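The values are calculated or read from the model by the stated rules, or taken from the named source; none is laboratory data. For clarity, every value in this text was computed on a predicted model and none was experimentally measured. Neighbour counts are summed over all protein chains in view; Cβ atoms, including those assigned to glycine, are modelled from backbone coordinates with ideal geometry.
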Amino acid sequence: MLDKLLILFFTITVISSHAQPCELSVIGQVVDKNTQQPIEFATIYLEELKRGAISDIDGNFEIEKLCAGDYHMVVSHIGCETQRIFFQLKRDTNWTIKVEHSNQLLNEVTIENHVQESQSQEVEVVEAKQMNKQLAKSLGQTLENITGVALIKNGNGIAKPVVHGLFGNRLTILNNGIAQSGQQWGADHAPEIDPLIANRISVVKGVGAVEFLGSSLGSVILVEPKSIDKDPHLHGVTRYFFNSNGINNGLNIELQQNYKWLAWKINGTLKKSGDAKTPDYFLTNTGIEEYNFSAELEKQITAKWKANVYYSSFNTQIGILRGSHIGNLTDLESAFEAEQPFFTQDEFSYDIENPRQEVNHHLLKASTKYIFSERAWAEMVYAKQINTRKEFDVRRGDRNDKPALSLDQESDFFESKFHYYFENEWHLKSGIQFNRINNVNVPETGILPLFPNYLSIERGAFIMATKAFKKLRIEVGARAEEENRKVASISNTVPREVLNFENTYLNYTATAGLQYTFSERLSMNYNVGLAARNPEVNELYSNGLHQGVSGIEEGDINLSAERALKNTLSFATKKKEKLFAEVLLYHQYIQDYIYLQAQDEFRLTIRGAFPVFKYEQTDAQIYGLDFVTKYQFNEKWLTDVNYSFIRGNEIDNGLALINLPSNAIWSTTTYRLSSLLGLKNVEFQMLHRYVFEQRNISEEQDFVAPPEGYYLLGFRASAEKQLKGIRLEAHLGVENALNASYRDYLNRQRYFADELGRNFTVGLVMNF
């Protein structure tokens, strides 16, 4: 009898022990990541159970009667980026969940993952939620609605970001923490980066390049992939997008999984578009084909030691407007005055013919991070980049299949960084860097190269220190950098001979900044920085036809290094959660500013007739302001207005600088609903954009007068739907809804053609 009682007792005990976990609870609070304020009416949903909770006025929620096990929690709120969180429930849990408003009113500087921790500099961020609304956009196009950012373009498929008037090698672009190394010297060379690999893209507007190797004059663009999730289950996201103009179709797939012994993630993108269309005619030969891939492996070796390997491949073929390549001088002058380009076809085509570009870019990054203590850690990085570029011109006979420009570039980068947090709250960051770049003309063109072969060795070291007081945060930094460059050029005279050049540049960079909070409603940022940029090989030695810009370029071997002093000052004010306004003032003096000047000359070559451009140098200044204001009327209505003003001129004669953006004003009015017809986070937007005429350029500075100002109207709508284990997003829109005919001053193809007409967009995102 006693045995039976013991068996019964143990049976009840076992049953009770297994039943107990189904009485577990998840208690938590949802707060804004930037303001730490509680968020009401946030939805917390457990996929496995198909149930959840709604946060109350204090952001609190509770989900009861849960069994122990693995769960996926989806947290969403109107205006916030939806989060999917994996967790293992073993006991009652109390969480604080931080979500970030995509159009948040505060201007907090939040750049994660190591790269830029300064709050003394102006930073604007494009989050994944915004990128999902414009899936077909290139990297440059993704940043176009940030104040102070414009685009310099060469037709439909090539767009480079311009920050406060500077682009190309004056701008540092970091792909996963590595400075992009390719043929980015040309205005027709778009950054070889797929924005769909990124979780966020940040623009640092001050002088933020102290930490990074390369001769940049200031601003930094950070393309930041998201860290691999902690979820042990296979999951990912699929994105499909369609644009009516150009019949552009694209697909992106991301998969990831985090095993106990290894974490991995892969990402792939396919894009294909044909001839774009203005309101009145097709832009013949403007198709684009693109296929990209990235993969990442991460290993947590010990609790303090982590290693990571990342690889990305970017591959594209881009058609150049056929009508920009003219056969004789008479036709070239006529093309400038024609209402539509020469060689325009009446039918749409996916065909990509000459002139065109083929570009491939590979990045391999290996990094390791070791945490010595809570106050100190170190990181070592090695990265290799391989960039190949082929540009095909319209040539006679069998030469049409040969590229007119063929370049191979290899770079090897090494970096070591050390961080230390002192007990007095000073944060010290220092590092050393080494970079080797070998750029070679491939001898398959049959013509003299546009610019010569070169080998560059760069060495740099930096130190930065920051400290936060009660209302004041200060930052100082400095770096020293040396570049040794060996160049082998081919003479233009017969008999041909190799001309060797060698230059050594030594530059110093320094920056200082502060952030002061006067009150909860008012804050100030100030940043000042000295920077230098060595003249690029193309600026020194270019000599020939550059088909990408449909012109002949000539360098100047006597150019000196640019040296710049930039000041930025901003004031931001906010009124609770209703109003945010900020004005940023900036001024940059550039000694020996290098620019590409159009000459009063058209030159007839065996490959056609082309305008002539020469690199020149002068002392210059660039100044302007960025203005942002946001007002949230209530939970449903939000509006923002943005304005960018910029001027630049030569110091000696006051002559305006060419290729500076036109002033622009744009706004977005947003209407949000938490739910509609079974859909969640429904959003409707109306977008306005007006670009002013560039009236600061004199007639003798360009071939034709700058185009008139223009107005663009657009609409967007988006919604979410939660299914079992799947979250669906749908994005619909129309760009240039009024089908306006216009030309943009910073588009090099404005001499020949209008910009794109009306464009309907579709984006579908499936998170699983």
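Being of a type outside the set (D, E, K, R), more than 22 Å from GLU577 (Cα to Cα) and not in a loop (DSSP other than H, G, I, E, B) is the filter here; which residues of region 62-82 pass it? Hits for region 62-82 are ILE63, LEU66, GLY69, TYR71, HIS72, MET73, VAL74. Considering every residue within region 334-355, establish whether at least one is modelled with pLDDT under 95, assigned by TED's automatic domain parsing to the domain that holds PHE602, part of a strand (DSSP E or B) and not charged (D, E, K, R). Checked against the condition, which is being modelled with pLDDT under 95, assigned by TED's automatic domain parsing to the domain that holds PHE602, part of a strand (DSSP E or B) and not charged (D, E, K, R), region 334-355 yields no hits at all.
Which of the following residues is under 30 Å from GLN317 (Cβ atoms), in the same structural domain as GLN599 (by TED's automatic domain parsing), modelled with pLDDT of 85 or more and surrounded by fewer than 18 Cβ atoms within 10 Å (Cβ to Cβ): GLU536, GLU554, GLU502?
When all the criteria are applied, what remains is GLU554.
Please go through region 32-55 and give me each residue that is among the β-branched types (Val, Ile, Thr) and either part of a loop (DSSP other than H, G, I, E, B) or at positive phi (or both), ordered by number. If the condition is that a residue be among the β-branched types (Val, Ile, Thr) and either part of a loop (DSSP other than H, G, I, E, B) or at positive phi (or both), then THR35, ILE39 are the ones that fit. Scanning region 401-410 turns up at least one residue that is surrounded by 15 or more Cβ atoms within 10 Å (Cβ to Cβ), at pLDDT below 95, more than 30 Å from ASN245 (Cβ to Cβ) and of a type in the set (A, V, I, L, M, F, W, C). Working only within region 612-648, note down all residues that are over 25 Å from THR670 (Cα atoms) and of a type in the set (Gly, Ala, Ser). Matches in region 612-648: ALA620, GLY624, GLY648.
Taking region 213-250 as the range and being part of a loop (DSSP other than H, G, I, E, B), touching a residue at least 60 places away in the same chain (Cβ under 8 Å) and out of contact with any helix residue (DSSP H, G or I) (no Cβ under 9 Å at 6 or more places or on another chain) as the test, the residues that pass are LEU213, SER227, ILE228, ASP229, LYS230, ASP231, PRO232, HIS233, SER244, ASN245, GLY246, ILE247. Cβ-Cβ distances below 6 Å connect the following pairs, each with a first residue in region 116-133 that is assigned to a helix (DSSP H, G or I), a second residue that is surrounded by fewer than 19 Cβ atoms within 10 Å (Cβ to Cβ) and at pLDDT 85 or above, and a separation of six or more residues or different chains: ALA128/ASN199. Of the residues making up region 634-647, those that are in a loop (DSSP other than H, G, I, E, B) and in contact (Cβ under 8 Å) with a residue 12 or more places away in the chain number 2.
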